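Values in this text are rule-based calculations from the coordinates and carry no lab data. None of the values given here were measured: they were computed from a predicted structure. Cβ: placed from backbone, ideal geometry, glycine included. Neighbour counts: every protein chain shown.
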Amino acid sequence: MTRYVLVHGAFAGGWCWEPVVAELERRGHSVQAPDLPGSGKDATPIEDVTLDAYAARVCETLAADDEPAVLVGHSMGGVVITQAAARCPERITRLVYVAAFLPRDGQSLKGLTELPEGLDDGVQANMTVTGEPPVADMSPTAAREVFYGTCDDEQAAWALSHLGRQPVIPFVTPVSLGTAVDDLPRSYVLCTADRAIPPALQRRMIDESPCKEVIELPVDHSPWISATVALADALER
């Protein structure tokens, strides 16, 4: 049995992992999928939502059990698990990036989307930012195309019904890493039909932060629902 901690991406919450949690638990694993501050059912005020607060939440979740965990991040969650790994590396056995941002020290999510390989990022092109502190929204029409392109209509409708707003500050905050992160093994699940993080950008991040294993899935940005069993298989590997 393996312990997994699953970290969601932007506009989402722990809810997005429900299909994968059920599948992994059916196989006998221990799984946790927390809401990051200000996401899902978490009521943290927007002004308190930061990348550091995200990392602290992940480390708190990891510390709730003595067993170290495989730490999995989807999309923006890749930045979060990277920063969390710098804070509590002793609680992590492996980092797994699922169609996720994989930053090096000093890089931010926004900075990664500005690389040449990120020009087709459908999220930055379609989100609307308002307010102070800034918060982003995605229309259901854009989210259906960008996030859930290979999902069937029922799957997409379920995900869209849960979609929330996203504080922007974590997007623009660079990670601050020490050397301990370099000692943790990394794996990557690359989604070749992704319209949120272009596959070319995923490949560049993998090239610049080499991973021990790379598994490709021919699906959209949301394999937790569009390819639940295949993703569970990849996580077991």
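Annotations for the structure displayed:
- Here the Gaussian network model covers the chain, with springs between Cα atoms less than 10 Å apart; of Val214, Val58, Val72, Val214 fluctuates the most.
- Those chymotrypsin sites (Phe, Trp or Tyr not before Pro) in region 1-65 that DSSP places in a loop and that have at most 15 other beta carbons within 10 Å: none
- Backbone phi angles across region 198-214, fed through the Karplus curve with coefficients 6.51, -1.76 and 1.60 (θ = phi - 60°), yield HN-Hα couplings of x, x, 4, 6, 4, 5, 5, 5, 5, 4, 7, 9, x, 10, 5, 9, 10 Hz in residue order; Gly and Pro are listed as x.
- Rounded FRET efficiency, nearest 0.05, which uses the C-beta distance separating Val229 from Ala142 and R0 of 35 Å: 0.80
- In region 1-30, the trypsin sites (Lys or Arg not before Pro) that fall in loop regions by DSSP, at most 16 other Cβ within 10 Å: Arg27
- A simple charge model with +1 on the Cβ of Lys and Arg, -1 on the Cβ of Asp and Glu and nothing else charged puts the dipole of the chain at about 220 debye relative to its Cα centre.
- Highest-MSF residue in the chain out of Asp52, Asp137, Asp183 [GNM, Cα springs under 10 Å]: Asp183
- Taking other residues whose beta carbon is less than 14 angstrom from the beta carbon of His74, and scoring Lys, Arg as +1 and Asp, Glu as -1, yields -4.
- Ranked for footprinting exposure by Cβ neighbours inside 10 Å, fewest first, Ile215, Ile81 give Ile215, Ile81.
- Coil-residue trypsin sites (Lys or Arg not before Pro) of region 28-112, DSSP, other Cβ within 10 Å capped at 10: Lys41
- Taking label positions 7 Å along the Cα-Cβ direction at both Ala56 and Glu25, the computed distance is 2.9 nm, reported to one decimal.
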